[in-house]
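The values are calculated or read from the model by the stated rules, or taken from the named source; none is laboratory data. Here the structure is a predicted model, which is why all the values come from computation and not from measurement. Using ideal geometry, Cβ is built from the backbone for each residue, glycine included, and neighbour counts are taken over all protein chains shown.
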Amino acid sequence: MQWAAGRPAAVAKRGELRSAQWASQWGGGMEEQIYLLFDIGGTSVKYAAGDGAGQLWDPGSFKTPESGMEELLARMAEVYRRFEGRRNICGAAVSCPGAVDGTSGVIHGSSAVPYIHEIPFRDMVSRALGGLSVLIENDARCFAMGEMWLGEAAGAGHFSTIAIGSGIGGAMVHDRQVLYGANLCCGEVSNFPLGGQRPDGTREVWSDYTPVNLAKRYSCQFDVEINGKQLFELAEQGDETAAIYLDQFYYYTALGCVLIQFSFDPEIIVLGGGVSEREDLARRIEEKVDDILCPGQNFSFLKPKLVRSRNNNRSNLRGALFALLQRVEEETNEGISV
C-alpha cells in the first residue's frame, strides 16, 4: 500500500493531532510510530526521523546528486539503512519539487531536479527503502503544512508561504486547508513573469531572482564560482555588484509578495528557505514593499504582512510528516468504520 497525498483532508485545527485516539487504535503511544523523512531540493537533500508530535531526530543532509535517479535512490537507501537498525521505521514521506500527483506517485512539471519527473517516483523510492509505504508531497505545500502545524502560521486560517531556495516555492492555505488547484499548481509563484527578457528571448520569472540564481549570474560575470550565501557575504564586505544583485532579490521578492497579497489577500505570508535564517530578511523586503506601494498609489493600503520562519529550514520535513500522519489517521479511521 502506498499513501497518496493528492488532496489531504482538512488539517487538524491549530495542528493538534488526535494522539490519544491514535494511541488507542494502534495499541501503543504515538511515540512508538517513527517515520523517515526526506526533503529533496535543488542543492541538497535533507533527512530526519520524526514522530507524531513533530519531533525530529538525527537530522542530516547530502548534496543532491547530479548524475540522476539511480544515485539519489542509493543515497536515500544509505540513510534508511543507518536508521533501520536504531529506530522502528513505520513509513516514509518525501517533500519534493514539481507538480506532485500523490495518487499515481508521479511528479509532473519541472524543477531544479529534472530526473525525478515523469517516472514512477514514489514506487522507486519505496523499493529503495526496503518496501516502506511512502507518501510524496510538493515541497512548497510541505513547508506550508509545517508552518501551520508547528510554526509561524499556527494561529492563521488564511495564509500564504514562500520558500526561497533554487526557486520560489509557493503555497496557499484557506480555512487551514492547503489548496491544490485544477492542475496541482495552486501557488506555483516561481513562474510569475517578472523582470525582463532572457538572452534567448524568453521571459524572466520570479525564480530567476533568488540568491542562488543571482549568484550564478555573478559567477558568470566574474568567472568565479560562488553560491547564494557567498553572494550575501560579498555584499557585506562592500562588493557593489553583489549588493546590486541582492537589491534585485529584495525588490522582486517584494513585488511577488505584493502580487500574492492582491490576488489571495492572506493574513500573513511566511518566508522560508535557507535565506530565512537571515534576521533582517523580512525588514529588507518590507522596505522594497514600501517603495512599490508608495503613498498615493492605488491600493497602497494593502500591504502584505511578512513573517520569517524560525524553524531552521526544517518545516519541509515537518510538513511531509504532517501529511503522512494525516494519511495514516484517515486510513485508520476508515478501517475502524468498516
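Couple of notes before you dig in:
- Residue within the range 206-223 that is aromatic (Phe, Trp, Tyr), modelled with pLDDT under 95 and surrounded by 19 or more Cβ atoms within 10 Å (Cβ to Cβ) present: no
- Of everything in the range 87-109 that is in a loop (DSSP other than H, G, I, E, B) and in contact (Cβ under 8 Å) with a residue 24 or more places away in the chain, the residue that is surrounded by the fewest Cβ atoms within 10 Å (Cβ to Cβ) is Asn88.
Rundown of residues vs (1) within 26 Å of Val212 (Cα to Cα); (2) modelled with pLDDT of 95 or more, yes/no style:
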position: Pro8; (1), (2): no, no
position: Ser19; (1), (2): no, no
position: Ser44; (1), (2): yes, no
position: Gly50; (1), (2): no, yes
position: Phe83; (1), (2): no, no
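- Look at (1) crowded, with 24+ Cβ neighbours inside 10 Å; (2) closer than 30 Å to Glu233 by Cβ and you find that Val173 fails only one, number (2).
- Any hit, the range 131-138, residues being assigned by TED's automatic domain parsing to the domain that holds Asp39, surrounded by 22 or more Cβ atoms within 10 Å (Cβ to Cβ) and within 28 Å of Ala215 (Cα to Cα): yes
- Condition check for Arg217: assigned to a helix (DSSP H, G or I) and closer than 18 Å to Arg308 by Cα: no
- Residues satisfying the criterion are present in the range 288-304 (criterion: assigned to a helix (DSSP H, G or I), more than 25 Å from Gly155 (Cβ to Cβ), out of contact with any helix residue (DSSP H, G or I) (no Cβ under 7 Å at 6 or more places or on another chain) and touching a residue at least 24 places away in the same chain (Cβ under 8 Å)).
- Filter pass, Glu240 being surrounded by 13 or more Cβ atoms within 10 Å (Cβ to Cβ) and either in the same structural domain as Gly167 (by TED's automatic domain parsing) or of a type in the set (Ser, Thr, Tyr) (or both): no
- Which listed residue, of Ala156, Ala99, is within 29 Å of Ile269 (Cα to Cα) and more than 17 Å from the chain's Cα centre (by Cα): Ala156
- Residue check, Gly296 at pLDDT below 95 and surrounded by fewer than 21 Cβ atoms within 10 Å (Cβ to Cβ): yes
Per-residue answers, yes or no, for (1) touching a helix residue (DSSP H, G or I) at 6+ places or on another chain (Cβ under 8 Å); (2) assigned to a loop (DSSP other than H, G, I, E, B):
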residue	(1), (2)
Ser166	yes, yes
Cys186	no, yes
Asn213	yes, no
Ala235	yes, no
Leu246	yes, no
